[in-house]
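Participant: Below are the structure tokens for one structure; questions will follow.
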Amino acid sequence: MRIYDGKSVFGGIAIGRIHVYKKGEQQVSRRRIEDADVELCRYEEAKAEAIRQLAELHDKALREIGEANAAIFEMHQIMLDDEDYNGSVENIVRSQMVNAEYAVATTGDNFSQMFAAMEDDYMRERAADVKDISERLIAALSGQEHGHAATEEPSIIVADDLAPSETVQLDKNLVLSFVTAQGSTNSHTAILARTMAIPALVSTSGLPLDDTVDGKMGIVDGTNGVFYVDPDEETLGAMRANQREEAEKQGLLLTLKGKENVTLDGQKLMLYANIGNIKDLATVLQNDAGGIGLFRSEFIYLEKDRFPTEEEQFQIYKQVAETMAGKRVIIRTLDIGADKQCDYFEMEKEENPALGCRAIRICLTRPEIFKTQLRALFRASAFGKIAIMYPMITSVSEVRRIKEIAEEVKEELREQGVLFGEPEQGVMIETPAAVMVSDMLAPEVDFFSIGTNDLTQYTLAIDRQNTKLDDFYDPHHPAVLRMISMVVENAHKAGIWAGICGELGADQTLTREFLAMGVDELSVSPGSILPIRKIVIETNVEEYRSKTRS
Ligand code: PEP
Ligand code: MG
């Protein structure tokens, strides 16, 4: 048995035969030609054929994996019309009097090397796209088919790398999983894999792509990022047991997936997911979340030893928005401070950090940090349904100041001609002060999301980090429940919606109570979505209300 570690793109366990996919390496020879115009005519015909193929792939992807993911093939069509790319091909053909295949291969190599050397992650990833379109053109010029991973039995596909066009062509019924030696978790291929919901690993170190692997039994543990080749009986047995357990859970998922979160008497609930990282998106999709109710953006800051740049943040927010394909994605602005400390923020030591300079207080006192994040968020909003949420609010004046800063950021972007969207803006209700002025806050914003973790801490005056006080930390305390009810009522009076994104939202003993209060949204960890959906669809809210409120 051999074991390889990779980066997980999508969880789950796959067991089956391994099929090593080798790209049909196109041997391009350099030929002298007599007539450059005739050669460029061949090039134009090949380009038209490539565009036709890409349109077909776009339609297939649109049907199978949605608009946002199909967009890659539109992008490839646009790249084929790129003036610089076409200009380079024409120049090589005319100046060197050589065949179009050679000119395309040279241009493809030059452009992809240029992209690969760029600093920006997004541009670096475009190197694979340039290679992909060049190979497609060469195949069209030589009348071959652009490679795809053909297997006859359900297999684990092992490859050096897979281009997005190759991934989408995988026959989902025959692909149990894929494992690649290269590839980043942010690439379009990884986005596609997540949407296809198959266990997948990228960046798998030391992965051999030869007969020592091809045709052997393999296990992909997508959850833990491990690939077993030729597993021993013990591992096989343990993994089969894990797979059965997963399958049982999937049984529950299967019956509830695609169902609306609506009670027996017709009350609807939005069931969203909480994430802290882009890697969590896989389970969000797997569990059929209606959106993302809380993306804790501070984790982007915590993972670095310096401030993340606007561009780094933009790429992350854009990827989340695109992957969620039009579903609402609520991104909370950074909530650094208290238990989430970042050395490079160089914060002064505080006696009571939970009551100190944290979250929005840092943003309002250090607007340059805040503005960088807002620029990234407004820009990413042009690519999906992003909503921005501000944490630790205590007053109307804070919200007004935030809105002024947000307007300044939009004005700057407008002046610079930078594309941006118009996201919804909401606040977290997680301080007793915010609860008490929720009637005044509601007209200022688009939504409320109740942070019960902090609301419990500040209402009961109990440090949520202090494990000795666990027995006193009671989020079921009537004070907390009454506050939730009050916030929902004030939200509805102002015509906005109110949800819960703290851990209490996932407390299944309270789901009926939240419905009775009129809570519009619960944002929970992805694994809690379907069990809560089950409660929702089995509840009659009116009946519950009359039993509990008489
Ligand atoms: C909360 O306070 O309930 C919340 C969701 O935010 P965090 O747990 O990140 O403070
Ligand atoms: Mg909080």
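Participant: Charges at C-beta only: +1 for Lys and Arg, -1 for Asp and Glu. How large is the resulting dipole of region 36-142 about its Cα centre, in Debye rounded to 20?
Facilitator: 260 debye
Participant: Based on the Cβ-Cβ distance of Gln250 and Gln341, what FRET efficiency does E = 1/(1 + (r/R0)^6) give at R0 = 51 Å, to the nearest 0.05?
Facilitator: That gives a FRET efficiency of 0.85.
Participant: On C-alpha positions alone, give me the angle between the axis of helix 67-80 and the longest principal axis of the chain, in degrees, nearest 10.
Facilitator: The helix 67-80 is inclined about 40 degrees to the chain.
Participant: What distance in nm lies between label points placed 7 Å from Cα along the C-beta direction at Glu422 and Ser395?
Facilitator: Placing both labels 7 Å along Cα→Cβ, they lie 3.0 nm apart.
Participant: What's the Cα-based Rg to Rh of region 448-518, Rh via Kirkwood?
Facilitator: We get a ratio of 0.99 for region 448-518.
Participant: Take the alpha carbon atoms of region 255-549, find their radius of gyration, then divide it by 2.2 N^0.38 Å using N residues; give the quotient.
Facilitator: Ratio of Rg to 2.2 N^0.38 Å for region 255-549: 0.98.
Participant: Still on this model: How far apart, in nm, are two points set 7 Å out from the Cα along the Cα-to-Cβ line at Ala117 and at Leu209?
Facilitator: With each label point 7 Å from Cα toward Cβ, the separation is 2.4 nm.
Participant: Also, quick follow-up: Taking θ as phi - 60°, what are the ³J(HN,Hα) couplings along region 208-224 by the Karplus curve (6.51, -1.76, 1.60), each to the nearest whole Hz, with x for Gly and Pro?
Facilitator: For region 208-224, the Karplus-derived couplings read x, 10, 9, 5, 6, 10, 4, x, 7, 6, x, 10, 10, 9, x, 6, 9 Hz, x marking Gly and Pro.
Participant: Further question: Order 264-271, 102-109 from most to least packed using the mean count of other Cβ atoms within 10 Å.
Facilitator: In decreasing order of mean packing, 264-271, 102-109 become 102-109, 264-271.
Participant: Cα-based Rg (one decimal) and Dmax (whole number) for the chain, in Å?
Facilitator: Cα-based Rg and Dmax for the chain come out at 26.6, 94 Å.
Participant: Just order 395-402, 216-223 by mean Cβ neighbour count inside 10 Å, highest at the front, would you?
Facilitator: 216-223, 395-402
Participant: Also, I was wondering about something else. Of all trypsin sites (Lys or Arg not before Pro) in region 318-351, which ones are in loop regions per DSSP and have a Cβ with at most 11 other Cβ atoms within 10 Å?
Facilitator: Lys349
Participant: What relative contact order, as a whole-number percentage, does region 410-545 give when Cα pairs under 8 Å and 6 or more residues apart are counted?
Facilitator: Here the relative contact order equals 21 percent.
Participant: Sticking with this structure for a sec: Note down the relative contact order for the chain as a percent, whole number, built from C-alpha pairs under 8 angstrom at least six residues apart.
Facilitator: Relative contact order of the chain: 14 percent.
Participant: Another question about this same structure. Quickly rank 198-207, 351-360, 72-81 as a protection proxy: mean count of other C-beta atoms within 10 Å, highest first.
Facilitator: Output ranking for 198-207, 351-360, 72-81: 198-207, 72-81, 351-360.
Participant: Full extension from Leu62 to Asp82: what is 0.36 nm times the residue separation minus their Cα-Cα distance, to one decimal in nm?
Facilitator: 4.8 nm
Participant: Continuing with the same structure: Which residues' amide hydrogens lie under 5 Å from the amide hydrogen of Val175, considering only partners 5 or more residues apart or on another chain, with H built in the peptide plane?
Facilitator: For Val175, whose amide H was placed from the backbone, the distant partners under 5 Å are Ser155.
Participant: Between Arg42 and Asn224, 0.36 nm times their residue separation minus their Cα-Cα distance comes to what?
Facilitator: Here the segment from Arg42 to Asn224 would lengthen by 60.6 nm.
Participant: Could you tally the net charge around Gln425, taking each other residue with its Cβ under 10 Å from the Cβ of Gln425, Lys/Arg +1 and Asp/Glu -1?
Facilitator: Around Gln425, the charge tally is -3.
Participant: Now for a separate question. Where both residues lie in region 217-349, what percent of DSSP beta bridges are antiparallel, nearest 5?
Facilitator: 50 percent
Participant: While we're on this one: I want the antiparallel fraction of DSSP beta bridges within the chain, as a percent rounded to 5.
Facilitator: Antiparallel: roughly 30 percent of the beta bridges in the chain.
Participant: Contour minus end-to-end for Asp265 and Ala241, with contour as 0.36 nm per residue of separation and end-to-end as the Cα-Cα distance?
Facilitator: 4.6 nm
Participant: Let me ask you something else. Tell me which residues come under 5 Å, amide H to amide H, from Ile386 once H is placed; ignore anything under 5 positions away on its chain.
Facilitator: Val329
Participant: Which aspartates and glutamates have a Cα lying under 14 Å from the Cα of Lys547, excluding residues fewer than 8 positions away in the same chain?
Facilitator: Excluding near neighbours in sequence, the set is Glu513.
Participant: Please turn the phi angles of region 398-407 into ³J(HN,Hα) values with the Karplus equation 6.51 cos²θ - 1.76 cosθ + 1.60 (θ = phi - 60°), one per residue in order, whole Hz, x for glycine and proline.
Facilitator: 4, 5, 4, 5, 4, 5, 4, 4, 4, 5
Participant: With runs of 4+ DSSP H residues as the only contributors, calculate the mean residue ellipticity of the chain at 222 nm using -39,500 (n - 2.57) per run, divided by the residue total and rounded to the nearest 500.
Facilitator: Calculated from helices alone, the mean residue ellipticity at 222 nm is -14500 deg cm²/dmol.
Participant: How many angstrom lie between the Cα centre of region 43-105 and the Cα centre of region 516-550?
Facilitator: One Cα centre to the other: 51 Å.
Values in this text are rule-based calculations from the coordinates and carry no lab data. Just so you know, these numbers come straight off a predicted model, no measurement behind them. Please note: Cβ atoms are built from the backbone with ideal geometry, for glycine as well, and neighbour counts cover all protein chains shown.
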